[in-house]
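Read the figures in this text as sums done on the coordinates, not as results from a lab. This structure is a prediction, so every number in the text was calculated from the model and none was measured. Quick reminder, even Gly has a Cβ in these numbers, built from the backbone with ideal geometry, and neighbours come from all protein chains shown.
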Amino acid sequence: MAISTFIAALLLSPLATARSVNAPRQATCDTPGVGSYKDVSLKGLPDPWKFANGSPVVTADDFLCRQAEMSKIMQQYVLGDLPPPPDSLTATMSGTSMSLSIKVGSNSKSISVSITKPSGGGSSGGPALIAVGGASIPVPSGVGRINFGNDACAAQANPNSHGTGWFFDLHGKQHSAGATLAWAWCVGRIIDGLEQLGAAKTGIDTKRLAVTGCSRNGKGAFMVGAFEKRIALVLPQESGSGGAASWRVSDSEFAKGKNIQTAHQIVKENAWFSPRFSAYVTKTDTIPGDNHFLAALVAPRGLFVMENDIDWLGPVSTTVAMKAGRLIYAALGGKTNMGFALVGGHGHCSFPSASSADLTSFFNKFLLAKGESNDVELGSSNVTSATMADWVGGWSAAPSLTLVG
């Protein structure tokens with residue numbers, strides 16, 4: 001199946017634009033589509049360096065195809081199908097409000113988006129942060145703000161919310177996407193509008209976009225970053241289960257008596273994931289993917305994952321999955337493009353001052369062109385090298401790739 005659009009999006013990502021991508025790129029690969037992947041029986045985290053058919057990932061081109069495969073696996077089992085762009089989209093700007101008129105087939109929808117323009121951007125525009133349901137992190141001066149009303153795109157009131165929101169008005173009430181994947185599609189339409197209008201009207205440089213959100217909206221921010229390749233910097237905060245945490249590790253921790261959110265609980269709480277996920281929530285070890293794949297899908301763009309030591313969020317689970325994500329980034333030649341900081345001793349979604357310098361370094365590198373991001377890996381002390389070996393010890397040897405110049 002051709003994935004030229006996928007590869008082109010990665011190549012045109014802000015990181016690829018700002019930092020040279022050295023390896024040649026192929027236009028197509030034979031990655032099976034959604035629905036083609038088979039259940040597995042795997043206690044460890046699925047191997048990012050091996051295709052579903054058993055072939056190894058050797059080259060940078062291979063990894064791009066493996067990314068496409070990881071995306072399809074997550075859609076098939078957990079998230080639902082990510083639709084293509086709409087048939088048409090028209091954007092207009094009035095003051096600080098951008099209006100979008102979107103059409104998919106015979107369905108149409110008009111929405112508005114509030115924008116706080118960055119200061120000092122000039123005609124070429126400046127950086128901006130897309131806030132999924134609001135932002136709980138400190139934002140540097142000069143960075144604009146785009147408020148994304150994710151509940152209006154796809155509701156998250158309870159499990160019966162599935163099918164409610166303007167995403168479903170366009171795609172049909174029975175569409176397979178869960179709310180978090182729907183949010184990724186909706187954010188893509190906002191970026192479409194920004195690109196169509198141009199920086200002179202919006203004040204925003206679409207090659208310098210970040211996304212954040214906390215808790216349930218942190219899951220959404222992670223999903224937006226994983227599936228919308230035009231985001232330069234992804235900043236999920238305390239996303240826990242369904243975000244930074246591994247389904248498998250969370251099940252393992254639950255079996256040890258930990259008060260942790262698991263797949264079999266989360267589907268009873270809300271409509272964040274596809275209805276098809278329900279068939280796997282008591283057997284997550286049969287899914288040929290897990291949430292370290294989300295980090296792999298963001299790679300090699302900027303990713304700073306902020307977590308807490310609250311049991312429900314799964315400190316051990318988030319640490320294992322995000323350490324695994326850092327191993328993927330390291331093999332791509334960009335370990336410091338991803339940071340992970342689990343800092344406790346504060347309330348849920350209350351940003352800890354101990355992470356301020358690290359967060360600032362990621363803003364500086366990926367949005368403000370002011371140096372390098374810090375090398376951050378602060379996880380639960382309960383996760384040792386032996387623990388990691390239990391989860392990633394069965395992986396193939398990591399190739400040495402060059403996706404980051």
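Residues of region 143-157 with the amide nitrogen closer than 15 Å to a label point 7 Å from the Cα of Lys173, along Cα-to-Cβ, please.
Once the point is set 7 Å along Cα→Cβ of Lys173, 155 turn out to lie under 15 Å by backbone N, inside region 143-157.
Rounded if a/c is under 1.5, else prolate if a/b is larger than b/c, else oblate: which is region 127-212, with a ≥ b ≥ c the root eigenvalues of its Cα gyration tensor? List each step's numbers first, then the result.
Numbers: a/c = 3.32, a/b = 1.71, b/c = 1.95.
Oblate, because a/c is 1.5 or more while a/b does not exceed b/c.
Compute a Gaussian network model of the chain, connecting alpha carbons closer than 10 Å, and tell me which residue from Ile190, Ile111, Ile73 fluctuates the most.
Ile111
If you take the square roots of the eigenvalues of the alpha-carbon gyration tensor of region 269-405 and sort them as a ≥ b ≥ c, do you get rounded (a/c under 1.5), prolate (a/b over b/c) or oblate? Mind showing how you got there, number by number?
Details: a/c = 1.59, a/b = 1.20, b/c = 1.32.
Oblate, because a/c is 1.5 or more while a/b does not exceed b/c.
How do Cys214, Cys349 rank when sorted from fewest to most other Cβ atoms within 10 Å of their own Cβ? Don't jump to the answer; show the numbers that get you there.
Working: Cys214 27, Cys349 17.
Fewest-to-most Cβ neighbours within 10 Å comes out as Cys349, Cys214.
What percent do you get for the relative contact order of region 116-200 when only Cα pairs under 8 Å and 6+ apart count?
Details: 108 pairs, mean separation 20.4, N = 85.
Reported relative contact order: 24 percent.
Mind listing the long-range amide H neighbours of Glu307? Cut-off is under 5 Å, sequence gap 5 or more, other chains count too, H placed in the peptide plane at 1.01 Å from N.
When sequence neighbours closer than 5 places are left aside, the close amide H contacts are Glu238, Ala341, Leu342, Val343.
Could you check the spin-label model distance between Ser396 and Ser94? Points 7 Å from the Cα along Cα→Cβ, value in nm.
Here the modelled spin labels are 5.5 nm apart.
Report the Cα centroid-to-centroid distance between region 179-240 and region 68-99 in angstrom, as an integer.
Here the two parts' Cα centres lie 10 Å apart.
What longest region of the chain stays clear of trypsin sites (Lys or Arg not before Pro) that DSSP places outside H, G, I, E and B and that have at most 12 other Cβ atoms within 10 Å?
Values: sites that count: Lys38, Lys43, Lys173, Lys256, Lys370.
Formally, the longest exposed-site-free interval is 44-172.
With a ≥ b ≥ c taken as the square roots of the eigenvalues of the C-alpha gyration tensor of region 159-257, please select rounded if a/c is under 1.5 and otherwise prolate if a/b is larger than b/c or oblate if it is not? Mind showing how you got there, number by number?
Working: a/c = 3.33, a/b = 1.52, b/c = 2.20.
Oblate, because a/c is 1.5 or more while a/b does not exceed b/c.
Have a look at Asn147, Asn259, Asn53 and tell me which one the Gaussian network model of the chain (Cα, springs below 10 Å) gives the largest fluctuation.
Highest fluctuation among the options: Asn53.
Among Leu42, Leu209, Leu235, which one shows the highest mean-square fluctuation when the chain is modelled as a Gaussian network with alpha-carbon springs under 10 Å?
It is Leu42.
Specify which labelled value, from (1) 136; (2) 126; (3) 145, agrees with volume of the Cα convex hull per residue in Å³ derived from the coordinates of the model shown.
(2)
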